[in-house]
């Protein structure tokens, strides 16, 4: 197998932090394309679904709360909702089987859904919930949907976060049993999203499928539902009345959705893959411990990416590539 490694350097896309999803789709025609957006009914996911539909795509929205999703997506044509709980591997399998039975091909997969900084929670056989939901659930979903992903040469986009700076993968304690810190656990899950894209791209690029990860920016959305109001006030995100403050550089939801939409559709990324994006461009590597932008080296390390893939395949019991690895 041969593969090319895309340089983790800006390409000068012409877009930036305040570009919107509609901006990056200007002139892009997605008629006839089918996209899947997990969590595509709330926050950034909803804005992503709206933008893709506006450009002509049809969008499948798997949702843990299908009724809520259906209500949120009212008025959008070309959208269908199905049930999926990423924290339950049986639910992932059932959704994938239903989708594959439809015989359709996917052009875009955006792994957008996630949980953030939740109280210590266990799912499945006692796995830490943020790692299990944000990473393992999406890992299993993409591998099970591979028969629909490969034929169309889809782009697979994983929504990570700048929070990956908080923690690499704690290999000796993945489930955070030796002291749980909600932000460290979230950081590990977001690092895992980046590593997943690195190794998927290596495995899949010779079949025409490319993978990307990204930081959407800081945005106040329902993702913050587990955070006490007092903590958000202390962090300078909101005031006492709950109004969003700007010192943290928050984006609007439309701006926050832009990078994942750009990753999924932009012709500027043709022939590229396996890289981490932010502000609608490829990010630089963050080599300083006090860096506030860019991607940390541990999140794009190919050896760690391969190790995480193998571990994830063992935990989920699914690997579309049959254990094939690359060096």
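The values are calculated or read from the model by the stated rules, or taken from the named source; none is laboratory data. Remember, predicted model here, so these are calculated numbers, not experimental data. Virtual Cβ from ideal backbone geometry, glycine too; neighbours counted across all protein chains shown.
Observations
- Test for residue 109: is it in contact (Cβ under 8 Å) with a residue 12 or more places away in the chain, closer than 23 Å to residue 299 by Cβ and in a strand (DSSP E or B): yes
- Out of 51, 63, 72, 57, sole residue that is closer than 14 Å to residue 263 by Cα and buried (at least 16 other Cβ atoms within 10 Å of the Cβ): 51
- Residues located in the stretch 119-132, provided they are in contact (Cβ under 8 Å) with a residue 40 or more places away in the chain, within 19 Å of residue 63 (Cα to Cα) and either out of contact with any helix residue (DSSP H, G or I) (no Cβ under 8 Å at 6 or more places or on another chain) or assigned to a loop (DSSP other than H, G, I, E, B) (or both): 129, 132
- Each residue in the stretch 10-32 was checked for being part of a loop (DSSP other than H, G, I, E, B) and within 16 Å of residue 256 (Cα to Cα), and 7 pass.
- Inside the stretch 37-59, residues that are closer than 23 Å to residue 102 by Cα and without any contact (Cβ under 8 Å) to a residue 40 or more places away in the chain make up a count of 5.
- Subset tally (residues that are under 25 Å from residue 269 (Cβ atoms) and surrounded by 19 or more Cβ atoms within 10 Å (Cβ to Cβ)) for the stretch 75-98: 1
- Failed criterion for residue 152 (all others in (1) over 25 Å from residue 63 (Cβ atoms); (2) at pLDDT below 95 hold): (1)
- For residue 115, the test of being surrounded by 15 or more Cβ atoms within 10 Å (Cβ to Cβ), out of contact with any strand residue (DSSP E or B) (no Cβ under 8 Å at 6 or more places or on another chain) and closer than 18 Å to residue 138 by Cβ is passed.
- Residue match in the stretch 78-85 (condition: at pLDDT 95 or above and under 18 Å from the mean Cα position of the chain (by Cα)): yes
- So residue 308, is it buried (at least 23 other Cβ atoms within 10 Å of the Cβ), out of contact with any strand residue (DSSP E or B) (no Cβ under 9 Å at 6 or more places or on another chain) and modelled with pLDDT of 95 or more: yes
- In the set 157, 142, only one residue is in contact with a strand residue (DSSP E or B) (Cβ under 7 Å, 6 or more places away or on another chain) and part of a strand (DSSP E or B); that residue is 157.
- Residue tally, condition touching a residue at least 60 places away in the same chain (Cβ under 8 Å), under 25 Å from residue 45 (Cα atoms) and loosely packed, with under 15 Cβ neighbours inside 10 Å, over the stretch 268-301: 2
- Number of positions in the stretch 176-228 that are in contact with a helix residue (DSSP H, G or I) (Cβ under 8 Å, 6 or more places away or on another chain), modelled with pLDDT of 90 or more and closer than 13 Å to residue 163 by Cβ: 16
- One residue stands out in the stretch 86-104 among those that are within 20 Å of the chain's Cα centre (by Cα) and part of a loop (DSSP other than H, G, I, E, B): the one that is farthest from residue 40 (Cα to Cα), namely 88.
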